[in-house]
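Notes follow once the structure below has been shown.
The values are calculated or read from the model by the stated rules, or taken from the named source; none is laboratory data. All values reported here derive from a predicted model rather than from experimental measurement. Heads up, the Cβs are rebuilt from the backbone with ideal geometry, glycines too, and the neighbour counts pull from every protein chain shown. The protein model used for the area step is the full one, side chains on, heavy atoms only, and it has no ligands, DNA or RNA in it. Shrake-Rupley method; radii C 1.70, N 1.55, O 1.52, S 1.80 Å.
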Amino acid sequence: AAAEGDGLAAAPAGDGDEPAKADAEAEAGAEAEAEAEAEAEAETAEDPPAVPDSGPTETEDAPAEPAAETLELGAAAPSAESDPALTEAQLDKKYEGKRVHAWVLVRAGKREVDETVFVEPTTARRYPVDASPYQGLECVWNHVNFWVNAQSGTFLGAPGESVRGIDFDLDDPAKWEACLEVEKIEIPVVEEADEDELDLEEEEEEEEVPAEAEAEARSDEDADAETEADPEEDSKSEAESVSRASAAADEPSSAEPTVPGEAEDEPSTAPEPPPEPENEYLDHDPYRVVVERPPSWVPKLKISQEAFDTVCPRGHKTTKYKKCVHEMFAVFGPCMRWDGMIERLCIFEDEACVTLLEERQTFARRKDRLNERVSYFGEVARRVERFEPGAAFGVRETTLVPGRDRHTVFYPSGRQDGLLTRHEVFSARMTETFKDRDDFLVYRAVTYDEEETALRAAEAEAHAQALAAAEAAAGKRRKKKKKVEPPPPVIAKISQKFELPDVEALEKARVANDPDGAPTAPAHERVAKRVFDLKNGLIRVEYHRGVGRVTANARTFHKDGSPAVITQVDPTVQPLSDVEVAERMHEQRLAEKACAADLRDAEAECDDFVKNRAKEEANIELLTPYYDAMRVKQEDDDEEEVEVKKTLDYLSPYMPPLLAGESMSAKEAAATREKCLAATRAQLDARRAIIQRREDEEKAAAAKRHSVYKRDVDLLTKKEVDAYHKANEDMAFLMKILDRRRSRHDAHAAATLEALDEKMRADSRMAALFATEQ
């Protein structure tokens with residue numbers, strides 16, 4: 001049947017029932033022909049053609065030939081009038097007919113689908129077959145089979161023109177070539193008349209149930225007699241039900257259910273129809289079709305690990321796209337890059353690939369743990385580097401805008417200070433965030449005084465120039481001009497923020513670990529925010545809100561001697577005295593000094609990070625994992641260096657110089673023996689001295705600890721007393737170990753000297769000495 005028509009798409013592809021109706025705009029001759037075909041197929045509607053699919057069918061169009069007029073599968077956009085957004089794609093003639101696309105085909109058939117349509121998956125738009133934006137169709141497939149289009153003029157098409165006149169009768173081998181030999185599955189079609197027959201049969205079965213129950217209650221003889229007569233009654237009942245079903249099928253409009261009793265009284269004259277063959281696929285699940293594919297005639301593909309890591313021949317592959325160039329490099333082997341780059345993607349502004357907008361580089365096996373680098377070359381140049389765990393300073397990602405700012409993200413597990421992020425605005429501001437710190441600090445920001453910093457930098461430059469001029473005037477010649485180190489930036493303000501911990505949990509932990517310790521500070525006494533205004537000489541402290549409070553305490557201290565401003569929320573709390581205020585201010589001054597020192601350390605760390613990155617980029621090192629080291633090819637035997645194992649002669653350091661072939665005299669042999677034994681004794685004594693020194697140190701520490709315990713025994717807490725006894729137990733255990741080690745060493749020393757003496761007696765070079773003794 002023709003694949004053109006009208007109506008809505010609601011049927012799954014592969015449920016081929018009635019052919020699509022003729023289009024109203026077609027010619028009269030085409031309409032008559034389509035109607036004739038529809039009537040011819042309506043006669044066979046009870047036995048529809050078997051289609052091996054009941055789900056949606058997808059279509060794919062791939063260029064079959066590399067010719068200039070290769071089909072652009074689905075890439076040809078609709079006209080500019082229907083979709084103005086695709087005007088640029090239509091004007092791009094360079095890639096006309098070269099793009100590949102896939103979409104969905106819904107064939108006419110079941111589920112009230114009257115028209116075969118295409119559905120574009122990217123937009124969910126529905127197109128008639130002869131009014132689609134696709135230029136050609138090469139194949140269709142579903143989960144069961146794969147069909148290749150064999151209709152000339154429909155799989156290549158002309159560029160700029162939509163495909164038309166495709167026949168989607170997948171059972172016609174002249175138009176569609178099935179790639180797999182799959183057993184066809186018939187899906188029965190249930191119409192309204194058949195539904196009435198099924199309802200009638202269900203009612204008859206319900207009425208026969210009491211009769212069957214009554215027959216079971218009869219005697220054995222009656223049951224046997226009835227059993228002999230049952231086959232005739234069953235055949236009569238089947239014939240009568242078949243005749244009623246035939247009448248209902250012939251006259252569905254006037255068919256009425258008849259009483260079973262009346263039908264039994266009238267004899268049936270209709271011939272008994274032959275039994276219909278049982279369809280074994282009525283309850284078959286099409287999604288469980290097992291396709292037995294023949295063995296491939298292609299030999300099994302074998303790729304070595306080295307070739308797989310090489311990625312492509314000669315370790316380099318370049319693919320050019322529109323405004324984009326993609327490069328791949330070998331991961332391992334002699335073709336790998338020296339800098340560890342395995343992939344690079346360049347995005348350009350123009351089609352000529354001249355103006356670079358973005359460059360993405362991927363690395364592997366780098367010792368500095370660099371994983372990816374993304375560079376942007378727009379109006380604001382920007383570079384992003386991402387690192388794997390284990391990088392220096394625990395860096396995870398850094399974003400640099402040259403001359404403006406740097407944003408760094410850290411691995412929390414890679415740092416001891418809990419630093420998460422650091423954002424630097426050069427010479428203006430630095431912000432840091434923290435996590436899981438003991439002091440509960442979560443935020444720290446510093447603002448620099450740019451004017452004062454620039455003034456001090458100018459003064460340092462002027463001072464350096466003055467020193468150079470003085471040396472030149474004095475006649476001193478400077479070997480090399482020294483670089484003037486700029487002074488650290490001047491801090492104007494520091495801000496800190498602290499999170500509120502679980503006070504109850506801290507108190508429970510304190511009671512469990514240190515019952516005699518100071519109680520945990522409540523929420524309203526814990527600092528929430530602290531600001532050190534160094535430029536104006538102020539320190540402002542804000543506290544967390546207490547339980548049931550909507551406001552919080554605050555204190556402001558002045559360095560110029562002005563009275564402090566204290567905000568106390570709870571009126572029942574006694575105000576602080578002048579001495580207590582002075583103590584609080586002193587604490588804050590110490591905290592300010594410590595915070596400024598931490599900031600200077602952070603600034604030094606930023607400088608070290610920049611220098612370290614420059615050093616790592618200048619000297620790139622690649623790591624060889626263990627499983628790759630096992631695959632490294634060994635050099636040829638003639639190129640390998642043969643290492644000669646040198647054995648140390650125990651007598652040569654103590655023997656007198658001898659000529660070739662000359663042997664030692666008895667006196668020389670005796671002197672050599674004494675020197676060798678003396679050197680061995682010295683080594684053994686040195687080892688014993690180490691054990692003795694360790695024992696003396698432990699005894700001295702124990703004596704000192706005991707004297708301190710006797711002096712402060714009345715002032716020590718239970719925890720300190722337990723620590724003293726624990727230290728004594730450890731010392732006693734260690735002394736026992738040292739005593740055993742000394743005893744074992746003495747026995748080993750005697751055995752060593754005896755073995756050395758036996759070895760010298762068996763040495764041919766000492767024969768003159770022992771021959772004299774014998």
Which one of Arg99, Arg126 is at pLDDT 85 or above and out of contact with any His (no Cβ under 6 Å at 6 or more places or on another chain)?
Arg126
Tally, over region 119-151, of residues that are free of Cβ contacts under 8 Å to residues at least 40 places away in the same chain and under 14 Å from Trp176 (Cα atoms):
6
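Conditions tested, residue by residue: (1) without any contact (Cβ under 8 Å) to a residue 40 or more places away in the chain; (2) within 30 Å of Glu351 (Cα to Cα); (3) of a type outside the set (Ser, Thr, Tyr).
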site	(1), (2), (3)
Asp114	no, no, yes
Val117	no, no, yes
Gly153	yes, no, yes
Gly160	no, yes, yes
Leu180	no, no, yes
Which of the residues that make up region 657-666 are surrounded by 12 or more Cβ atoms within 10 Å (Cβ to Cβ) and of a type outside the set (Gly, Ala, Ser)?
Met664
From Asp649, Asp730, which residue is within 30 Å of Arg765 (Cβ to Cβ), open to solvent by less than 90 Å² (accessible area, probe 1.4 Å) and free of Cβ contacts under 8 Å to residues at least 12 places away in the same chain?
Asp649
Count - residues of region 565-600 that are among the β-branched types (Val, Ile, Thr), open to solvent by less than 50 Å² (accessible area, probe 1.4 Å) and not in a loop (DSSP other than H, G, I, E, B):
1
Which condition from (1) closer than 30 Å to Leu370 by Cβ; (2) modelled with pLDDT of 90 or more; (3) surrounded by 10 or more Cβ atoms within 10 Å (Cβ to Cβ) is the one that Asn619 breaks?
(3)
Flagged in region 378-390 as part of a strand (DSSP E or B) and open to solvent by 20 Å² or more (accessible area, probe 1.4 Å), in numbering order, are Arg382, Arg383, Arg386
Qualifying residue in region 391-403 (condition: open to solvent by 30 Å² or more (accessible area, probe 1.4 Å), hydrophobic (A, V, I, L, M, F, W, C), at positive phi and not in a loop (DSSP other than H, G, I, E, B))
yes
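Can you name the residue in region 709-727 that is of a type in the set (A, V, I, L, M) and within 25 Å of Ala518 (Cα to Cα) and, of all such residues, is least open to solvent (accessible area, probe 1.4 Å)?
Restricting to residues being of a type in the set (A, V, I, L, M) and within 25 Å of Ala518 (Cα to Cα), the top hit is Val721.
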If the Cβ limit is 9 Å and pairs must be 6+ apart or interchain, which residue in region 735-761 that is within 11 Å of Arg688 (Cβ to Cβ) and part of a helix (DSSP H, G or I) pairs with which residue that is open to solvent by less than 30 Å² (accessible area, probe 1.4 Å) and among the polar types (S, T, N, Q)?
Ala749/Thr680
Go through region 104-128 and count every residue that is crowded, with 22+ Cβ neighbours inside 10 Å and under 30 Å from Lys322 (Cβ atoms).
2
With the checklist (1) open to solvent by 30 Å² or more (accessible area, probe 1.4 Å); (2) modelled with pLDDT of 90 or more in hand, flag the one item Arg761 doesn't pass.
(2)
